[in-house]
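Asker: Once you've had a glance at the structure underneath, I'll fire off some questions.
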Amino acid sequence: MTVPETAIAADGLDLHQALFRRLMRAARGGLNEVFVGQMLASWMAGRGVLPARMGLDEARFREMIDWHFPGLSGAGEIREGEAVDGRFEELDDVRGLLLQHRAQRSRSEIWVADIVAVGCMGSDHLWSDLGLFSRADLSALMALNFPTLAAANDRNMKWKRFIYKQLCEAEGMRACRAPSCEVCADYRDCFMPAEAER
Ligand code: SF4
């Protein structure tokens with residue numbers, strides 16, 4: 001399959017890139033493989049915040065790898081990690097929101113929803129915590145897997161902020177102290193300056 005340039009932009013670490021390229025060689029050719037491959041390569045290289053098996057149970061983790069990368073052999077380098085943080089109470093809410101908006105094109109959307117929800121427990125940018133290569137890749141992942149949710153983020157709000165704002169609004173809570181974004185002191189926390197995109 002052809003790997004988009006955003007996915008192969010070199011960031012300096014050979015192991016990381018070697019893992020990603022190996023995954024792409026083993027990929028079945030689905031649209032999600034670039035994104036799952038980025039996250040899996042980063043996780044295997046010890047990047048990002050994803051816990052053991054990227055937050056999936058063992059059977060579903062293996063199923064995801066077999067589905068996306070049937071040509072992958074000897075996954076002995078797949079690392080252990082910390083278990084999912086049980087204090088992450090909103091995990092099911094985030095997962096549920098994502099699944100409400102899934103494209104219904106592939107079973108892969110369900111694994112991706114689980115992984116993105118787990119990634120939301122990180123404290124850095126969501127794309128980075130997930131092990132994606134850029135924020136543009138996260139936007140593309142969201143558009144592919146959860147298109148109606150992605151379309152609703154028509155002002156380019158940071159994804160984690162946007163997801164949590166959707167949950168608050170669904171609960172009837174006011175997530176924002178300011179009457180509008182234009183007059184809000186937290187503007188920079190919610191919106192990504194164009195120059196910050198990689
Ligand atoms: S910029 Fe302020 S008003 Fe707009 S979403 Fe963020 S916190 Fe809410």
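The values are calculated or read from the model by the stated rules, or taken from the named source; none is laboratory data. What you see is a predicted model; the values in this text were computed from it and never measured. All Cβ positions, glycine included, derive from the backbone under ideal geometry; neighbour counts span all protein chains shown.
Asker: Can you pull out the residues in segment 156-195 that are polar (S, T, N, Q) and in contact (Cβ under 8 Å) with a residue 24 or more places away in the chain?
Answerer: Asn156, Gln166
Asker: Can I ask one more? Restricting attention to segment 176-198, and to residues there that are small (Gly, Ala, Ser) and more than 8 Å from the ligand (Cβ to nearest atom), which single residue is modelled with the lowest pLDDT?
Answerer: Selected residue: Ala194.
Asker: Within segment 149-163, how many residues are in a helix (DSSP H, G or I) and within 10 Å of the ligand (Cβ to nearest atom)?
Answerer: Here the count works out to 2.
Asker: Right, next: Please find, within segment 93-121, the residue that is nearest to Met157 (Cα to Cα) out of those that are of a type in the set (S, T, N, Q) and in a loop (DSSP other than H, G, I, E, B).
Answerer: This residue is Gln104.
Asker: Against the conditions (1) touching a His at 6+ places or on another chain (Cβ under 7 Å); (2) within 16 Å of the ligand (Cβ to nearest atom), where does Gln166 fall short? Just the number, please.
Answerer: (1)
Asker: Asp124 - would you say it is in contact (Cβ under 8 Å) with a residue 12 or more places away in the chain and assigned to a loop (DSSP other than H, G, I, E, B)?
Answerer: Numbers: in contact (Cβ under 8 Å) with a residue 12 or more places away in the chain: yes; assigned to a loop (DSSP other than H, G, I, E, B): yes.
Yes, satisfied.
Asker: Looking only at segment 175-190, how many residues end up being out of contact with any helix residue (DSSP H, G or I) (no Cβ under 7 Å at 6 or more places or on another chain) and not in a helix (DSSP H, G or I)?
Answerer: Qualifying residue count for the region: 8.
Asker: Please verify whether segment 138-147 includes one or more residues that are away from the ligand (no atom under 16 Å from the Cβ), at pLDDT below 95 and in a loop (DSSP other than H, G, I, E, B).
Answerer: Within segment 138-147, not a single residue is away from the ligand (no atom under 16 Å from the Cβ), at pLDDT below 95 and in a loop (DSSP other than H, G, I, E, B).
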